[in-house]
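**Student:** Okay, handing you the structure first.
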Amino acid sequence: MLQKIYLMGRSGSGKTAVALGLSLLWKEKGLNVAYFKPKTTGHNLQRNQDPDAILFKQVLNLPWEPEQIAPLNFESIYIFGASNHNRLTVEKMEAKLEENFRDIGDNNGIMVIEGGSSPCAGMSLSLDDFSLAKRWEAPVILISNLNKDYDLDRILFYNNFIQARGLYILGNILNNLSPAALDKARNIYRPLLEEKGYKVLGIIPAHPAITFPTVAEFHETLQGEILCGEENMGLPVEEIVVGTMTIESALRYLRRALNKAVITGGDRSDMALTALETSTSVLILTGGLHPDIRVIARAREKGIPVILVHFDTYTTIGALQGIARQIRPQDSRTISLIKEEVARNCSWEKIEEGIESYSVFSSTERGAEGQ
């Protein structure tokens with residue numbers, strides 16, 4: 001009997017990492033694991049192939065093509081035409097989803113379904129995560145970040161809404177938590193959630209190698225020229241500092257920010273040299289202006305990548321909005337780390353038991369209805 005779990009959460013919550021960690025642990029246990037991502041987004045999807053679909057296909061050795069694993073590509077604008085035209089479009093989307101869902105779900109293992117960029121994305125077309133989870137009778141795990149108290153209110157709202165839609169919420173995973181948020185999650189947020197009747201199945205701390213985008217991802221986004229440091233493109237970038245002020249004003253920011261990307265004009269050699277003496281993962285030089293030779297020499301000494309772009313500083317900053325960590329099949333160290341973090345910080349065996357119990361209850365209930 002196929003068992004399913006639907007992972008919901010906003011973009012950046014770490015759904016993919018949690019899905020991968022759980023899948024690897026269950027696969028290691030000998031279970032047959034499938035992965036399905038109904039909706040994907042992005043302007044640079046090569047042959048409409050979602051990077052997460054490619055990742056899971058290779059890491060889990062799945063037999064389906066990436067286009068089957070992630071069949072629908074939603075852009076930011078997908079509502080158009082009269083309502084009857086939209087209905088025809090939705091019917092085609094639904095048919096495509098059902099066909100691929102049946103193909104991938106034709107096994108006796110666990111299907112891990114990863115939700116979209118937001119649980120409510122696609123609600124205007126009844127293709128939101130709540131509707132899809134109900135259609136496929138899948139219990140839900142909500143994955144969330146916690147940076148401020150309002151985030152807890154949002155989590156409570158989603159839990160309440162999921163139940164109101166007639167779905168079964170297995171529990172919550174609080175993910176990518178800073179050291180300050182970690183302590184509060186364990187001692188304050190978790191008891192509050194459980195007091196309201198909602199389970200917390202995991203509290204996962206942020207880890208730079210998993211959470212933050214790498215220099216390579218900055219380069220892919222900007223498509224600039226690498227002047228040096230090619231061997232360290234895997235360094236994580238935790239913060240972005242824009243060096244447009246005086247050295248005196250910038251110095252305290254440069255010293256305080258760790259593992260940062262510093263964006264400054266190619267003619268600001270003073271800023272570049274100062275940044276290289278602090279914790280910097282990459283130096284991004286704008287305006288297409290090659291820096292003083294001293295900048296390249298010092299960056300080579302310290303092994304810090306330098307990327308030259310032809311955009312101005314403002315355009316460069318805009319291009320980097322929304323950049324996120326993309327796990328790749330060749331990132332074996334990161335993939336191993338993800339599995340370890342999920343095993344250490346999540347009740348993954350209890351999640352498996354919860355999925356199995358729900359599946360048995362659901363099939364029994366359907367059988368009773370049919371009598």
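**Student:** In the set (i) 1.24; (ii) 0.99; (iii) 1.02, which value of Rg/Rh (Cα atoms, Kirkwood Rh) was calculated from the structure you see?
**Tutor:** For Rg/Rh (Cα atoms, Kirkwood Rh), the calculated option is (iii).
**Student:** Using amide H atoms built 1.01 Å from N in the peptide plane, name the residues 5+ places from residue 326, or on other chains, whose amide H lies under 5 Å from its own.
**Tutor:** Here 214 satisfy the definition.
**Student:** Next question, about the same structure. What nm distance separates the two modelled labels at residue 293 and residue 120, each placed 7 Å from Cα along Cα→Cβ?
**Tutor:** Going from the residue 293 label point to the residue 120 one covers 5.9 nm.
**Student:** To the nearest 0.05, how large is the calculated FRET efficiency for residue 207 and residue 230 if R₀ is 25 Å and r is the Cβ-Cβ distance?
**Tutor:** Once the sixth-power term is evaluated, E becomes 0.55.
**Student:** Right, another one. Going down the list 29/57; 39/184; 96/199; 27/350; 15/350; 29/196, which pairs span over 25 Å between their C-alpha atoms? Mind showing how you got there, number by number?
**Tutor:** On the way: 29/57 19 Å; 39/184 33 Å; 96/199 34 Å; 27/350 15 Å; 15/350 18 Å; 29/196 33 Å.
As for pairs spanning more than 25 Å Cα to Cα, those are 39/184; 96/199; 29/196.
**Student:** Now, a different point. Using 10 Å bins from zero, what percent of all Cα-Cα pairs in segment 152-274 falls into each bin?
**Tutor:** Percent of pairs per bin, in order: 11, 29, 22, 19, 15, 4, 0.
**Student:** Here's another thing I want to ask about it. Separation of segment 204-268 and segment 1-40 by C-alpha centroid, Å?
**Tutor:** 31 Å
**Student:** Quick one: length gained pulling residue 99 to residue 180 fully straight, 0.36 nm per residue minus the C-alpha distance? Mind showing how you got there, number by number?
**Tutor:** On the way: separation 81, 0.36 × 81 = 29.16 nm, distance 4.52 nm.
Here the segment from residue 99 to residue 180 would lengthen by 24.6 nm.
**Student:** Place +1 on the Cβ of every Lys and Arg and -1 on the Cβ of every Asp and Glu in the chain, take the dipole about the Cα centre, and give the residue among 150, 23, 133 whose Cα lies farthest towards its positive end.
**Tutor:** Toward the positive end, the furthest listed residue is 150.
**Student:** How many percent of DSSP beta bridges within the chain run antiparallel, rounded to 5?
**Tutor:** About 10 percent, rounded to the nearest 5.
**Student:** Something else about it: Taking one equal scatterer on every alpha-carbon of segment 213-319, how large is log10 of I(q)/I(0) by Debye at q = 0.10, 0.20 1/Å?
**Tutor:** -0.21, -0.95
**Student:** When DSSP beta bridges are limited to those with both residues in segment 208-324, what percentage is antiparallel, rounded to the nearest 5?
**Tutor:** Details: 4 of 17 bridges.
In segment 208-324, approximately 25 percent of DSSP beta bridges are antiparallel ones.
**Student:** I would also like to ask the following. What is the distance in Å between the Cα centres of segment 109-180 and segment 284-332?
**Tutor:** 35 Å
**Student:** Taking just the alpha-carbon atoms of segment 97-212, what radius of gyration and Dmax come out, in angstrom?
**Tutor:** 15.6, 45
**Student:** While we're here: So between residue 321 and residue 153, what do we pick up on full extension, going 0.36 nm a residue minus the alpha carbon distance?
**Tutor:** Working: separation 168, 0.36 × 168 = 60.48 nm, distance 2.56 nm.
Full extension from residue 321 to residue 153 adds 57.9 nm.
**Student:** While we're looking at this one, here's another question. Enter the angle in degrees (range 0 to 90, nearest 10) between the Cα long axis of helix 15-28 and the first principal axis of the Cα atoms of the chain, meaning the one along which they spread out most.
**Tutor:** Approximately 60 degrees, to the nearest 10.
**Student:** Per DSSP H run of n ≥ 4, the term is -39500 (n - 2.57); total these for the chain, divide by its residue number, and report the mean residue ellipticity at 222 nm rounded to 500 deg cm²/dmol.
**Tutor:** That calculation yields -13500 deg cm²/dmol at 222 nm.
**Student:** Where in segment 140-155 does the amide nitrogen come within less than 19 Å of the point 7 Å from the Cα of residue 239, taken along Cα to Cβ?
**Tutor:** Output list for this probe position: 147-148.
All of the numbers you see were taken from the coordinates with simple rules; none came from a lab. Keep in mind the model is a prediction, meaning the values are calculated, not measured. Neighbour counts are summed over all protein chains in view; Cβ atoms, including those assigned to glycine, are modelled from backbone coordinates with ideal geometry.
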